[in-house]
């Protein structure tokens, strides 16, 4: 790849003299660039929708959603995956995040880990991939060898593949079935893709997992009926959800929740007869 020609490596003319700005001016500059991300994601929605549909179809057949990435991208994938079990009461094996360098890379920069296609292949081998799985590769630049390795192996196993990148016509867009290109443009600090590119990827991950959970019955109206009430805040939320979906007193909701073993959906079934 000619990295110097990538949008994500370009210099942003609007932040060229950010080092001379006041604190407020720096904040305004960063905030203005963040607004660019939302519009860029909106433009990519037609490419995101088929990926959601494929994830949902796969999950209904026992498939999984698997994110792969390096550095910031990998951490965002792991973050989204790790939040699905408590939010939607699903198995930790339903949405999986794989990061180059392993769990150690979540807290430590292991920049060279992204340069090995073989490492990406090896990371996939332990997941027992099935054709109903969907593997989503994340690479802001679009050329991380680790991610390309995961795409290669996933295709060999018959999985659907998608790639999220912030540059057009990259090795990742050519390697996957469903390229999602978000043109978030040059970063405020040149090449710091943890900023706009990272924000764009996080927004899309939110969409993929949230829509998948909604369409596989984990949400009623706009309420998370599969939430795991594992702390005081979530117990209170569970009680509110029950009361918002079934007319009853707080005491009745708490009693139903207790009888159901802290299962909101089961508590609703008890109350609804």
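The numbers here are math on the coordinates, done by the rules we state, and not lab data. Being a predicted model, the structure only gives us computed values, none of them experimental. Here the Cβ positions follow ideal geometry from the backbone for every residue, glycine too, while neighbour counts run over all protein chains shown.
Summary of computed values
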| item | result |
| --- | --- |
| Ranked 15, 82, criterion: other C-beta atoms within 10 Å, fewest first | 82, 15 |
| Within the chain, helix-based [θ] at 222 nm, where runs of 4 or more DSSP H residues each add -39,500 (n - 2.57), nearest 500 | -16000 deg cm²/dmol |
| Within a Gaussian network of the chain (alpha carbon springs, distance under 10 Å), most fluctuating of 13, 168, 186 | 13 |
| Neighbour-count ranking [beta-carbon atoms within 10 angstrom, fewest first] of 103, 115, 133 | 103, 115, 133 |
| Fraction of beta bridges assigned by DSSP in the chain that are antiparallel (%, nearest 5) | 5 percent |
| Space enclosed by the convex hull of the alpha-carbon atoms of the chain, per residue, Å³ | 153 Å³ |
| Residues 138, 234, 148 arranged by fewest to most Cβ contacts within 10 Å | 234, 148, 138 |
| Segment residue 14-residue 83, length gained on full extension (0.36 nm per residue, minus Cα span) | 21.3 nm |
| Protection proxy ranking of 194-200, 48-54 - average other beta-carbon atoms within 10 Å, highest first | 194-200, 48-54 |
| Inter-site label distance for residue 155 and residue 2 at 7 Å from Cα along Cβ, in nm | 2.4 nm |
| Segment residue 32-residue 60, extension gain: residue separation times 0.36 nm, minus the distance between their alpha carbons | 6.0 nm |
| Estimated inter-spin distance, residue 190 and residue 269, nm [label 7 Å along Cα→Cβ] | 6.0 nm |
| Cα gyration tensor category, rounded, prolate or oblate, for segment 77-207 with a/c compared to 1.5 | rounded |
| Cβ-Cβ FRET estimate between residue 21 and residue 206, R0 fixed at 30 Å, reported to 0.05 | 0.45 |
| Part-to-part distance (alpha-carbon centres) for segment 52-87 and segment 1-47, which is given in Å | 27 Å |
| Extension gain from residue 233 to residue 115, taking 0.36 nm per residue of separation minus the Cα-Cα distance | 38.3 nm |
| Ranked by how many other beta carbons lie within 10 Å on average, peptides 207-218, 153-164, 67-78, 238-249 from highest | 67-78, 153-164, 207-218, 238-249 |
| Helix 196-215 axis, angle to the chain major axis (alpha carbon atoms, nearest 10°) | 30 degrees |
| Length-normalised contact order for the chain - Cα pairs under 8 Å, 6+ apart - percent | 22 percent |
| Average Cα contact separation per residue, segment 24-121, under 8 Å, 6 or more apart, as relative contact order % | 22 percent |
| Cα Rg over Rh - segment 232-272, Kirkwood | 0.89 |
